[in-house]
Structures are given as C-alpha cells and as structure tokens.
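For reference, the structure is listed below as structure tokens.
The values are calculated or read from the model by the stated rules, or taken from the named source; none is laboratory data. The model shown is predicted, which means the values in this text are computed figures rather than measured ones. Here Cβ is always computed from backbone atoms with ideal geometry, including for glycine, and neighbour counts include all displayed protein chains.
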Amino acid sequence: MRTVSLAPQLTLIDLALFLPAERALAIADVHLGIEEALRDEGILVPRDHLAQVQQRLERIFEELRVTPSDPLRKVLINGDLRHQFGPLSRVEHKESKEFLRWLAEWAEQIVLIEGNHDGSLGALAGERVMVCKSYSVGDCWFVHGDQASPGPYAVPPQAARRTAQTKSGEAWWIVIGHEHPAVGLRDPVTQRVEVYKCFLVERSAEKNLLVLPSFNQLVKGSDLLKEQPLSPLVRPSELEDFFVYVVSDAGDIYEFGPLRRLLIAL
C-alpha cells in the first residue's frame, strides 16, 4: 500500500486520511444501508457492503500497525455514515450499531460528523461515540462539505481566536467529504475508461482544502472530468487547479497533478 504525505502530520492512506501525531484516522461517506436503497430501485446487489468496509479498514489498520491492544485515539467519519434520508431505517440502525461496536475495538473515540444523509445520528451517540456538526483535531478542521456556512474557507473557532496559521506556519486544512470525487482514466491499450476514486487537494497561503474520497465500496463516485462539483466549498472556477490523487482498488495512491492535465488529455 503506497501512502502520500501532504504535510508533516497529514498522510493519505488508501481512502483515508491519517494524522500520525494525533493517532487519528478520518474517512467519509460510508453510506451504510445502500444495498436496501438500490434494491428499492430494482438493482439487486449482495448485502455485503458493511463487510467490505470493515475489510478495507482492516487493511489500513494493518498498514498502520493498529490493533485492539494498541488502538487509534480517534476515528472520524466525516459525514454520511448512513445512506437514506430521513429517520434511520431498521437496516441502517442495525448496521450502524454493528459497525460502531466493531470500530470501538480499534479506536478509543469515534467522532460522527453529520452529513446531509445523517439527520438522526443522535440515537448512535454514546460514551465513546460523539456526534457533531464539525470537529477539529491537529491541523485539520473537519466538516462534511454540503453547506457553505459559516464560510467557504473559515477556520475552527479556536484558530480564529489566535491565528489562521497552524503550528507549522501553514494555513489550516479544511477537510470535507460529500463530493465523492472520482476520475475516469482511459486504458491506452484497451481504450476502456475505468473510474477511480480520488482525493482532491487545493493549497494556498490562506487555505488548504482536502476532499476525501467516498468510503462507499459499491459506488465509485462522481467523475469530475464529466460532472460539476457538488460541494459549495469546491468552486467550479477553481476545480482545474485541484491536485488529483487517484486511489487504486488495491489502495495504492498516485499523484496525477492538477485536474486540468486530465481534462486536456480527454
């Protein structure tokens, strides 16, 4: 598994973000219960999404040498733990509880950041499970990304009280999900286009924005070479300047440079 360091304390690993100093791992857009929604649309899929999510996380834990006896301090799910809108369905409630019990073996605390699919996560809160709208840890401020408020590139309240700079002197990292970023890459031999999940990264002196790929194992995501961004925090006028980090099915990460290079190659 190939990892990529964005900053001294920010590492991309598979479909997740790892903060070594904080011993924290963040993922986004798990969408538990998606099989039920797909079946309602007439699309029959095996009910093994939760097992696939756990298997992929176990692969990450193994790479990080995380074990139940030496767990992470925190696991953050940056929005959309469950798939359907409205109250938790029976299946979503069952799978969410099962997932959180399993995850509690690997982390001291679980932080659920509410996404646009997460209207009723309060029922899942507990002694080791926190539910919130946003959360800051290390040099990162996590929000789901479906809303522009309180400002496209605001900083955590504690940072605003002192400075918009981190201890390292760089701008804060705003970390979002919601976008489900992906890109379609053409095989030069077969000419077939395969869609791959990806990270998006925008850097400047004032702000750093990181878009996490979806941890949904059944759907690749939105091909940004063909579709407009969903999040109001990802401005269409700036999208071509975002750096793309493609993630293979094996979890290897490859930097493709700014998105404009892929657009030119179409």
| field | Sole residue being buried (at least 16 other Cβ atoms within 10 Å of the Cβ), touching a Leu at 6+ places or on another chain (Cβ under 8 Å), closer than 23 Å to Asp252 by Cα and modelled with pLDDT under 95, chosen from Leu50, Leu32, Leu12 | value | Leu50
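For residues that are basic (Lys, Arg), buried (at least 18 other Cβ atoms within 10 Å of the Cβ) and modelled with pLDDT of 95 or more, tally how many sit in segment 57-105. Can you show your working first?
As a first pass, look at segment 57-105 and keep what is basic (Lys, Arg): 59, 65, 73-74, 82, 90, 94, 97, 101.
The next check asks that each one be buried (at least 18 other Cβ atoms within 10 Å of the Cβ); those that pass are 74, 82.
Still in the list and also modelled with pLDDT of 95 or more: 74.
Result for segment 57-105: 1.
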| message | Among the residues of segment 244-257, what is the count of those that are within 18 Å of Ala28 (Cβ to Cβ) and in contact with a strand residue (DSSP E or B) (Cβ under 7 Å, 6 or more places away or on another chain)? | response | 5
| Failed criterion for Gly119 (all others in (1) at pLDDT 80 or above; (2) farther than 14 Å from Gly177 by Cβ; (3) not hydrophobic (A, V, I, L, M, F, W, C) hold) | (1)
| Taking only pairs six or more apart or across chains, which ones have beta-carbon atoms under 8 Å, a first residue in segment 176-195 that is assigned to a strand (DSSP E or B), and a second residue that is of a type in the set (Lys, Arg) and buried (at least 16 other Cβ atoms within 10 Å of the Cβ)? | Pro181/Lys197; Ala182/Lys197; Ala182/Lys220; Val195/Lys220
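Table: residues versus (1) outside any strand (DSSP E or B); (2) in contact (Cβ under 8 Å) with a residue 24 or more places away in the chain.
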| position | (1), (2) |
| --- | --- |
| Leu209 | no, yes |
| Ser214 | yes, yes |
| Gln217 | yes, yes |
| Leu225 | yes, yes |
| Glu238 | yes, yes |
| Ala250 | yes, yes |
| Glu255 | no, yes |
| Arg260 | yes, no |
| query | Of all residues in segment 225-266, which are farther than 23 Å from Ile174 by Cα and either among the basic types (Lys, Arg) or surrounded by fewer than 16 Cβ atoms within 10 Å (Cβ to Cβ) (or both)? | reply | Lys226, Ser248, Asp249, Ala250, Asp252, Arg261, Leu263, Ile264, Ala265, Leu266
| field | Checklist (1) closer than 20 Å to Ile176 by Cβ; (2) within 16 Å of the chain's Cα centre (by Cα); (3) of a type in the set (Asp, Glu) applied to Asp249, failing item | value | (1)
